[in-house]
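The numbers here are math on the coordinates, done by the rules we state, and not lab data. Computed from a predicted structure; not experimentally measured. Glycine also receives a Cβ, built like all others from the backbone with ideal geometry; neighbour counts cover every protein chain displayed.
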Amino acid sequence: MATQITAAEFDEKVLKADKPVLVDFFATWCGPCKMMAPTIDQIATEVAGTADVYKIDVDQAPEIAQRYGVMSIPTLIVFDKGQVKNQAVGAQPKPAVMALFD
């Protein structure tokens, strides 16, 4: 299951992570975000141990969304060693999300 984090936790959990991290930028009112939630949770379970999966609410952490140019949600960004490796915008099928790790 993906863990929701706050702006205060972002640098420590995402940028300083020693493994790849998928961050789901979402909002509670976003229909496509709700549609993606079960897929994101499935992926979190499957990659446990080799990657981390976090969710960040853009309404609660607008500064983080702005830092990474998140204009539409859901936006999925994979970070590796603190750098953006891949990203996708909008609802994505599971294989497309998994491919972001490659």
### Query
Just wondering, is there one or more residues in segment 40-52 that are assigned to a strand (DSSP E or B) and either of a type in the set (S, T, N, Q) or more than 12 Å from Val97 (Cα to Cα) (or both)?
yes
### Number of positions in segment 53-87 that are of a type outside the set (A, V, I, L, M, F, W, C) and in a helix (DSSP H, G or I)
4
### Task
Mind listing whichever residues of segment 1-11 are surrounded by 15 or more Cβ atoms within 10 Å (Cβ to Cβ) and under 22 Å from Pro95 (Cα atoms)?
Ala2
### Summary
Per the filter on segment 12-69, residues closer than 15 Å to Lys85 by Cβ, surrounded by fewer than 15 Cβ atoms within 10 Å (Cβ to Cβ) and of a type in the set (D, E, K, R) are Asp18, Lys19
### Query
How many residues does segment 82-102 contain that are touching a residue at least 24 places away in the same chain (Cβ under 8 Å) and either over 19 Å from Gly31 (Cα atoms) or among the hydroxyl-bearing types (Ser, Thr, Tyr) (or both)?
5
